[in-house]
Each structure stands twice: as structure tokens, then as C-alpha cells.
1. In whole Hz, what ³J(HN,Hα) sequence does the range 146-154 give by Karplus (6.51, -1.76, 1.60; θ = phi - 60°), x for Gly and Pro?
2. Once the piece of chain linking R175 and K199 is laid out straight, how much longer is it, given 0.36 nm per residue of separation minus the C-alpha distance between them?
3. So between A129 and A257, what do we pick up on full extension, going 0.36 nm a residue minus the alpha carbon distance?
4. Over 5 Å intervals from 0, what percent of Cα-Cα pairs in the range 67-139 sits in each interval?
5. What longest range of the chain stays clear of loop-exposed chymotrypsin sites (Phe, Trp or Tyr not before Pro) (DSSP non-H/G/I/E/B, at most 15 other C-beta within 10 angstrom)?
6. Would you pull out the residues with amide H under 5 Å of L2's amide H, same chain only if 5 or more places away, H placed 1.01 Å from N?
7. Cα gyration tensor of the range 21-171, axes a ≥ b ≥ c as square roots of the eigenvalues: rounded (a/c below 1.5), prolate (a/b > b/c) or oblate?
8. Quick one: with all protein chains in place, what share of the accessible area of the chain is carbon or sulfur, to the nearest percent (1.4 Å probe)?
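The values are calculated or read from the model by the stated rules, or taken from the named source; none is laboratory data. Being a predicted model, the structure only gives us computed values, none of them experimental. When we count neighbours, we look across all protein chains shown, and the Cβ atoms used for this are built from the backbone with ideal geometry, even at glycine. Heads up: the accessible areas ignore ligands, DNA and RNA and are worked out on the full protein's heavy atoms, side chains in. Shrake-Rupley method; radii C 1.70, N 1.55, O 1.52, S 1.80 Å.
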Amino acid sequence: MLVRDAAYEILRAHGLTTIFGNPGSNELPFLAGMPEDFRYVLGLHEGAVVGMADGYSQVTGQPVLVNLHAASGTGNAMGALTNAVYSRSPLVLTAGQQVRPAIGGEAMLSNVDAAQLTRPLAGWSAEPACAADVPRSLAQAIFEARLRRRPSYLSVPYDDWTQEADPATLAVLGRAVERSAHPATEEVQRIAAAVQGAKNPLLVLGGDLDAAGLFDEATALAEALQAPVWAAPSLFRLPFPNRHPLFRGVLPAAITAVASAFEGHDLVLVLGAPVFRYHEYVPGDYAPAGTRLLQVTDDAEAAARAPFGEAVVTDPGAVIAGLRKALGDRSAPAPDYVAPPEPKAGDGSALHPDQVFAALRDTQPADTSYVVESTSTNSSWWRQMDLRRGGSYYFPASGGLGFGLPAAVGVALGQPGRPVTAVIGDGSANYGITGLWTAAQHRLPVTFVLLRNGTYGALQWFAGILDAADAPGTTVPGIDFTRIAAGYGVESVHAADADHLRSVLAETPSGPRLVQVDTVTTAPNG
């Protein structure tokens, strides 16, 4: 058995039979003779490749193999990798390396000090010391990604793949590594006592809950407690129905604003989120005097770096189940969901984002998965949308542009039975535009709604905050995305007004389609 054959056996054993990549010469020896039960998803840029894999991993909940080209391809992927780190997607990145005798002399396509290249983003990275160690190293990369819930990285010299595999190393084929992190009974009882003893508890729910399939369980806990719910700041997945009467919104990502939201609450229970991923730096007290914060997360790094509060590192799902059991039968009546307000109107030449999102809400199936990368329209999004199911919302977890369009491709590949709509700003679309080609090649029925205002709207908002309104590079006028989409083989249309937009969106797509709509510029908090 060749090292390459052993690698495919390991990948198959762990279910990594879909490979996202953009190959170069160093990767061809691995890809040659790929077994028929494997699927190779080609992306035209490594940033888009990682974005697709990130979306695919988030909807399947499983590690996914990404094949990159040496140092240059890895570098192209690094921006997208930041999002995968904070969405805790267990990507397994492999990169082709030059042959060992050529690396020291830095021959063309050498990945110099390869194990260091992706750090600190990758949770684990390595280059095997010899060909015989490639199978074990690949298995470790898979285990590390799964256990850490963080991307791992393995650089492999390209001539290793055609070496004879050491029979002794094939023992790795029979290995299984699982994590068990359920809390002790007394730990759950301690948390339950804190919740039951609080006069006015507050829940803060994070995207990890939705990633773990706990959307309905978290909703049931809040209803049993009749406690108000905030979503954690810098939200990448929605863990709670956004029109539920207990929902207060997404916490603003600033220290003083978060503290203000905690006023009047003696206990804040944070489930499945870091404490906290702030953005705009507004220093102050982290919480009001007398407010106790208790965090439950299975992310030990997030618990360790929090600046205040108490933390329990364990499975949030087990704690939610334990709390519901401790609370007993507290069934609440079916909630009356809050109706969205009348959408704001545009200026006559362009629609307000409210109008676009109201059209999506009224025309798209209730179980649609939305992949969103339009930061400046954030307030409009939460005002108008009605999301009541898990897996309804995906957002770039680190704010790195280029996630949305390719991630929608990965989401559609990973859950072919569920509708997918991408909401993309024209500023961010260019970062991952090549994902349209992959969508066309696979005939994925994804609707790409392209909001065109000719600016980096969020950047202009921030320029005002930072007193940098005269900074260059905040506008991107003159781009017709319908023509770009057509070039990639994607059906496209420019929706001229609200009625036209609604009629287009009401049609069920048979393949990918791009709907361009001109919108007025808005601020993320406006």
C-alpha cells in the first residue's frame, strides 16, 4: 500500500470523502488516482475554497478536508481561515510541499517552516518527519480538528505520497478518539441553584448552541425560565428565534453597551459563547455592580481568556438539559411572536434594505438558511427577518470579508434538501466572487441577493466614529454584478423596484441565480 492509498483509507474511515481545493503541482501526486467514492469540489481561489469548506463543515458538523497549494495557496486562504477559527469549524487543511532535499535551498514552491505558517490560527500544525509518518500525522490532524473544534494544518512533501506505507503505521486505521465532557451532577445542581435563586436572571446565548443543534432546547429553557434573552455579540449563528417575545436582540459589541444591557439583572447566564467578542473599543465596567456572570462553554480557551465572571468548561447541551430537568414542568403558553415593523422606504432611485429583507421574509420558505455578509444593513436585517429554526443564519465569525458567497455554496452542498439564500453586499462580494463558478458547475439552487450601494457601508460608518471621514477607498462604484454572474454561468437579474424584486424572489430556483438590487446606504446601527 502506498502512503497515498493509506491516506484515502484514513479519510474514508472518518467520513472525509468531500475535498475542497484548488490544486497546484505539489498536490497532484496526492490527487492522482482519487477513489471514485470521493468528491472533489474545485474553487477558483483558496479564499473561496476555505469559505465553502467552512459553510459545509458548519451544516454537517463534521471535519472537512481542504487541499491547498503550498505556501502561496495557504497564504491566499488565511483570511478565510480567520472566520473558520471563530466559527470553530474543524477544517483539516493539507498543503503540498516540495521534496525534502529541495526545501532547505528554498526551491520554487517550497513552504519554508511550513508548520509555523498558519499559526496562531491553526490549533495544530505539522510536517511529518518522513513519509512513513504521513498516515499517522493525517489521522492526528483529523483528531486534533475534531477535539479542538479548530482548523488543523498538515504540510506533506509531494514525493511522500508515492512511497510504500510502513505496515506498522497502518494501525492508525483502527483508531477512534472521542471526547466526553458532561458535567458532574453536582455542577449542574450548583448552576441550577444559582438560576433558581436569582431574582432577575438573564440569558446570553451564543452561536455554539446553534452549531451543536441546541436551538430548540435553548428556546425551551428560556420559556421555562421566562427569562429575557440576548444573543452574544459578534454573532455568527443565531441560537434563538429573533421575533420571540423574550428576545432582546444581539448584544452590541462594546464593553459599556453590554454592561448597560445587564442593568437590573442579578445573574447573567452565558451559554455557548465567549465572554465577550467585543469590536468597537469603548472602555468601562464590564458589568453593573451586583451582577454575577456565569459562563458555560466547552471552549477552554474562551473560558480562560474572559476578563470577568465565572466559567464552567463543559458541554452546554448537558447543562441545558440538566437545568430543564431541575426546573421541572414549567410549560409556558405558545408565545405570540413579535410582528416586524413596516419597512422603511428608499429614496426613489434605490430601495431601503428594510424593503429587501421584508421581501425575503415574505417570499422565501420558512426553513431557508441565510448566509449573510452585508454588515452595514445589520439593523435592517434584524428588524425585518423572522427566523424560527436552527441553522437559519450564518455570518463571518471573524468579520473577514469573502465568507458569504462561497460559504453559501458550501452550505448548499452540505444540506441539499434545504433552501439557501445568500445576502451579500457589493463591497464584500468581490472577495469571494469566484464561488459563483462552483455554484454553477454543481447546479446548486442558491439565491444570491446582491445589495449594491457602491460603498463599503460599514467602513464609512466606522470612519465617522474614528473621525476619519476623509479616508480614501470606501467606495466601489460602477460594478454590474449581473454581467459578472453571467460570465460565471449564473442566471442573473437586476431588480428595478420592490414589486420586481418580490416577483423574482417568489420564483423557485432550479440552479444558482443572482438578484442585484440597488439600495440606499445605511449604518449597522441605523
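1. After applying 6.51 cos²θ - 1.76 cosθ + 1.60, I find 5, 6, 7, 6, 7, x, 10, 9, 9 Hz.
2. Value of the extension gain: 3.7 nm.
3. Result: 41.0 nm gained on full extension.
4. 3, 15, 26, 26, 17, 9, 3, 0
5. Working: sites that count: F38, Y281, F308, Y337.
It works out to 39-280.
6. Under 5 Å from the amide H of L2: A165.
7. Rounded.
8. Working: 10570 of 20670 Å².
Taking all protein chains in place, the chain shows 51 percent carbon and sulfur surface.
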